[in-house]
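K.L.:
This is the structure, below, for whatever I ask next.
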Amino acid sequence: MKYLVLLFLLFSCKIQEKRNLLITNKWEYKFAEDCISNILFRADGTYENYNCERDYPYSGIYKIKRDTIYLIEIDLLSDVPSINEENNYKTGIICKNKLIYKGSFLQYVSWENYDHENNKWSGDIIFPEKIFYIKVAK
């Protein structure tokens, strides 16, 4: 039993160490010469992911499991104005992204959209192995 408690404590410390490294740094992906996307992680479990291609900041919550970081994006459910005005400001989970923590960089692995009309996930869209967010100082 003592060994299980010790293993749990060691695992918890590793997760906290990764969280600290995430939130004390800015992570950038250079899409093109004049286009740099970035991710900022916060201590409260939220993140902001600025996409330079769309000039839009996505945000949501993140979870860490071992060396994998899951980004759960929360945004407006529709960009198209609705006749029913209360629907214009509804937010929800838009997509999930998966990144692998590799020390000085994060490797983008996959992304999955949520289809709110049919209440189902699209299935993983696998990224090429060349999409990396590099750690830079805040």
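K.L.:
Considering segment 109-121 alone, what residues qualify as being within 17 Å of the chain's Cα centre (by Cα) and not aromatic (Phe, Trp, Tyr)? Spell out the reasoning first.
P.N.:
Step one: list which residues in segment 109-121 are within 17 Å of the chain's Cα centre (by Cα), which gives 109-114, 121.
Answer for segment 109-121, where residues must be within 17 Å of the chain's Cα centre (by Cα) and not aromatic (Phe, Trp, Tyr): 109, 110, 112, 113.
K.L.:
If I filter segment 94-117 down to residues being modelled with pLDDT of 85 or more and open to solvent by 70 Å² or more (accessible area, probe 1.4 Å), which single residue comes out as nearest to residue 28 (Cα to Cα)?
P.N.:
102
K.L.:
Please enumerate the residues belonging to segment 28-57 that are without any contact (Cβ under 8 Å) to a residue 24 or more places away in the chain and out of contact with any strand residue (DSSP E or B) (no Cβ under 7 Å at 6 or more places or on another chain).
P.N.:
Those that are without any contact (Cβ under 8 Å) to a residue 24 or more places away in the chain and out of contact with any strand residue (DSSP E or B) (no Cβ under 7 Å at 6 or more places or on another chain): 32, 33, 34, 35, 42, 44, 54, 55, 56.
K.L.:
Moving on to the next point. For segment 67-79, indicate whether the set of residues that are more than 21 Å from the chain's Cα centre (by Cα) and either at pLDDT 90 or above or part of a strand (DSSP E or B) (or both) is non-empty.
P.N.:
No.
K.L.:
Within the set of pairs 6 or more residues apart or between chains, which connect a residue that is closer than 14 Å to residue 95 by Cβ inside segment 59-73 to a residue that is aromatic (Phe, Trp, Tyr) and open to solvent by 20 Å² or more (accessible area, probe 1.4 Å) with Cβ atoms less than 6 Å apart?
P.N.:
73/58
The values are calculated or read from the model by the stated rules, or taken from the named source; none is laboratory data. What you see is a predicted model; the values in this text were computed from it and never measured. Quick reminder, even Gly has a Cβ in these numbers, built from the backbone with ideal geometry, and neighbours come from all protein chains shown. All accessible areas refer to the heavy atoms of the entire protein, side chains included, with ligands and DNA or RNA removed. Shrake-Rupley method; radii C 1.70, N 1.55, O 1.52, S 1.80 Å.
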